[in-house]
């Protein structure tokens, strides 16, 4: 039997990998610049909401361990194939690729500002994407080593920069401004939609759970610790912002980390934050390019996506998925390149897609508990249905309040609705013609687990069920 190589530290680094990102700093700057220090309260609420989601993810993983498709297989066993394809492709895969593309464009902007070479900013994005594409084709060992180093340097840099600002030790001029701009509880709660983006992505630890020692303990614990660390680091940065960055400028900045670094330490601070941006894009893209192809691979084994996603190279890496995801990242990075408005808008669009996938996580838990109450679970969310219901209501509230601008909010809802409608039509046709299954009937869990085996697909092809 192959020895599992990853531990709690690796789970934490993967969970932190996508959560810590410069696109998150855009949301952090917007939230803190809008209501001041009290945005930390909104962050804590959003962090707790995401911890609840990770608890539900952990229960699903405990019920159906070692599934490469992760959320796709949970939803298939819960509510059937149509919701699975719609929420996974639209609510998860698209939002992940979009967010990493935005992250890459922010990094390119920072590099262009700091190193004024006679090359387009998009060139920096291409270089990083190609390097990470090659690294991930090497397999999970390369991924884990790279992720550990990047996560450590990234967290360390942000903590140091935050502490320097928090204790007023910077070389820049301190700003005289009120700590609190808004203290009304309803206003703070409404800002949780902005704070949500600060904590997405901890579930990236699930696809590597098969390689984790004592996964039933280390996977949920690693995700919780990762989210807690992020909340602490971001809170420290908010206090640093208060001392050295004007709230108004912070709220309107497309690169608040660059603004803060310059105000805190002058050009050395700007260079340092550019280094942080580089670490962030490596961390987030590395997480996405490793995890998303594995999810696509799991869905392909279930015949829910084209079969080329299931092909692997000599390192057992789904190389076509890795290549396609890397290419899509470049597309979204190009769309948002050098456009602060587009960056902010795409972050909000990605948030809504991601929120829908999180809502279905809680639905899956409730449905499978009712359908399989006695099935063994090494981890179970406490207090019955209370936390999953809180997760559904809280995440739905954030969808409704995704933007303070009514026109922008309507546009985001419209884009989300159109994408989900198109995916619904596609999924109905695909399921009827390719999967030969009822479109809305849930699939028994044992059958979903059987789909994990390559022979399941080959047997159905041989019998003429799937073509």
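Taken together, the values in this text are just the output of simple stated rules run on the coordinates, not laboratory data. Nothing here was measured: the structure is a model prediction, and the numbers come from that model. For neighbour counting, all protein chains shown are included, and Cβ atoms are generated from backbone atoms with ideal geometry for every residue, glycine included.
When 398, 451, 223 are sorted by how many other C-beta atoms sit within 10 angstrom of their C-beta, beginning with the fewest, the order is 451, 398, 223. If R0 is 35 Å, what FRET efficiency do you get for residue 134 and residue 177 from their C-beta distance, rounded to 0.05? Computed FRET efficiency for residue 134 and residue 177: 0.15.
When all alpha carbon pairs of the range 307-392 are counted in 10 Å bins from zero, the resulting P(r) reads 13, 24, 23, 30, 9, 0 %.
As a rough footprinting exposure proxy, the listed residues 199, 152 were ranked by other beta carbons within 10 Å of their own, and the order from fewest upward is 152, 199. Take every pair of alpha-carbon atoms less than 8 Å apart whose residues are at least six positions apart; their mean separation over the length of the chain yields a relative contact order of 34 percent. Working value for the range 8-452: equivalent-ellipsoid semi-axes of 35, 24, 20 Å, each the square root of 5 times a Cα gyration tensor eigenvalue, largest first.
Classify the range 357-449: rounded, prolate or oblate, from the alpha-carbon gyration tensor (a ≥ b ≥ c, eigenvalue square roots; a/c under 1.5 rounded; otherwise prolate if a/b is larger than b/c)? Because a/c hits 1.5 or more and a/b fails to exceed b/c, the range 357-449 counts as oblate. Ordering 75, 274 by the number of other Cβ atoms within 10 Å of each residue's own Cβ, fewest first, gives 274, 75. According to the calculation over all Cα-Cα pairs in the range 73-188, the P(r) per 10 Å bin from zero is 10, 19, 29, 26, 13, 2 %. Please report how far the C-alpha centroid of the range 370-446 lies from that of the range 328-361, rounded to the nearest whole angstrom. Centre-to-centre distance over Cα atoms comes out at 18 Å. Full extension of the chain segment joining residue 252 with residue 372 gains 38.3 nm, where the gain is 0.36 nm per residue of separation less the Cα-Cα distance. With a Förster radius of 51 Å, plug the Cβ-Cβ distance of residue 455 and residue 331 into 1/(1 + (r/R0)^6) and report the FRET value to the nearest 0.05. After rounding to 0.05, the efficiency reads 0.90.
Size descriptors for the range 264-322 (Cα atoms only): Rg and Dmax, in that order, 17.7, 55 Å.
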